[in-house]
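Asker: I have a structure I would like to understand better, so I am pasting it below and will then ask my questions one at a time.
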Amino acid sequence: MSITLRLVSLMLGGLLMFGLTSAKAADAQEGSAYDYSFTTLIGENPLPLSQFKGKVILIVNTASHCGFTKQYSGLQKLYDDYKDKGLVILGVPANDFGGQEPGSSDEIAQFCKLNYGVTFPMASKQVVSGDEAHPFYLWARKTLGFGTAPKWNFHKYLVSRDGSLIDYFNSTTSPDSDRLIKAIDTALEQSNIQK
């Protein structure tokens, strides 16, 4: 009898643990990218992500003096190729990693425009890592898991047409990588647009 009670107790404990784990996973999915806002790089005007409802958003923390800075070219090409299909790229300058974005907003904007012809939206400089990160980055880390937080410049988050996070891509994932392009194509094909 005591073995049976132990077995039942273990099964109930397992079910309870599964329920708690599922509840935590559900909590992590609460909200959407549309709940967050940045400010524009120039003018520091509000830049709410909700203005991009119905579009796919690629959010990239950027830096002007990094080994990955040349990704600006690929990001601009990606934007040119996909903006009419519904892709928005949002650059978020950050000085978190190696002090590789020390410039002012004007210096960053000029650098991006002159060197890479950047025309996609750029936010003002933000903290993107650690507990003091911008609220979007805290939410993304909570939603996708701790290991998905930016570990260097040019980390990418892909947001669906309904504002949910689809996936993340490490700094080494170039803008023209097959994995990223496939994820963008799939996200753009989804028809469940919420307005």
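Asker: Look through segment 32-51, keep the residues that are among the aromatic types (Phe, Trp, Tyr) and closer than 20 Å to Lys125 by Cβ, and return whichever of them is surrounded by the fewest Cβ atoms within 10 Å (Cβ to Cβ).
Answerer: Tyr36
Asker: If you don't mind, there's one more thing I want to ask. Here is a list of conditions, (1) surrounded by fewer than 19 Cβ atoms within 10 Å (Cβ to Cβ); (2) touching a residue at least 40 places away in the same chain (Cβ under 8 Å); (3) closer than 24 Å to Pro48 by Cβ, and Arg161 meets all of them except one; can you say which number that is?
Answerer: The number of the failed condition is (1).
Asker: Right, Lys70: of a type outside the set (A, V, I, L, M, F, W, C), in the same structural domain as Ser164 (by TED's automatic domain parsing), surrounded by fewer than 19 Cβ atoms within 10 Å (Cβ to Cβ) and within 17 Å of Gly163 (Cα to Cα) or not? Walk me through how you get there before you give the answer.
Answerer: On the way: of a type outside the set (A, V, I, L, M, F, W, C): yes; in the same structural domain as Ser164 (by TED's automatic domain parsing): yes; surrounded by fewer than 19 Cβ atoms within 10 Å (Cβ to Cβ): yes; within 17 Å of Gly163 (Cα to Cα): no.
So Lys70 does not fit the description; no.
Yes/no per residue for (1) assigned by TED's automatic domain parsing to the domain that holds Lys156; (2) modelled with pLDDT of 95 or more; (3) within 16 Å of the chain's Cα centre (by Cα); (4) among the small types (Gly, Ala, Ser):
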site	(1), (2), (3), (4)
Leu20	no, no, no, no
Ala23	no, no, no, yes
Leu47	yes, yes, yes, no
Ala63	yes, yes, yes, yes
Cys66	yes, yes, no, no
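Asker: Here are Ala133, Ala123: which of them is in the same structural domain as Asp81 (by TED's automatic domain parsing) and free of Cβ contacts under 8 Å to residues at least 40 places away in the same chain?
Answerer: Of Ala133, Ala123, the one residue that is in the same structural domain as Asp81 (by TED's automatic domain parsing) and free of Cβ contacts under 8 Å to residues at least 40 places away in the same chain is Ala133.
Asker: Take the residues in segment 109-137 that are surrounded by fewer than 17 Cβ atoms within 10 Å (Cβ to Cβ) and not polar (S, T, N, Q), then tell me which one is nearest to Val92 (Cα to Cα).
Answerer: Across segment 109-137, the extreme among qualifying residues is Val127.
Asker: Could you tell me whether any residue of segment 139-154 is β-branched (Val, Ile, Thr), surrounded by 18 or more Cβ atoms within 10 Å (Cβ to Cβ), closer than 26 Å to Tyr34 by Cβ and more than 15 Å from the chain's Cα centre (by Cα)?
Answerer: no
Asker: When both residues are 6+ apart or on different chains and their Cβ atoms are under 6 Å apart, which pairs have a first residue that lies in segment 57-73 and is closer than 30 Å to Gln190 by Cβ, and a second that is buried (at least 20 other Cβ atoms within 10 Å of the Cβ) and basic (Lys, Arg)?
Answerer: Leu58/Lys156; Val60/Lys156
The values are calculated or read from the model by the stated rules, or taken from the named source; none is laboratory data. Model, not experiment: these values are computed from the prediction. For neighbour counting, all protein chains shown are included, and Cβ atoms are generated from backbone atoms with ideal geometry for every residue, glycine included.
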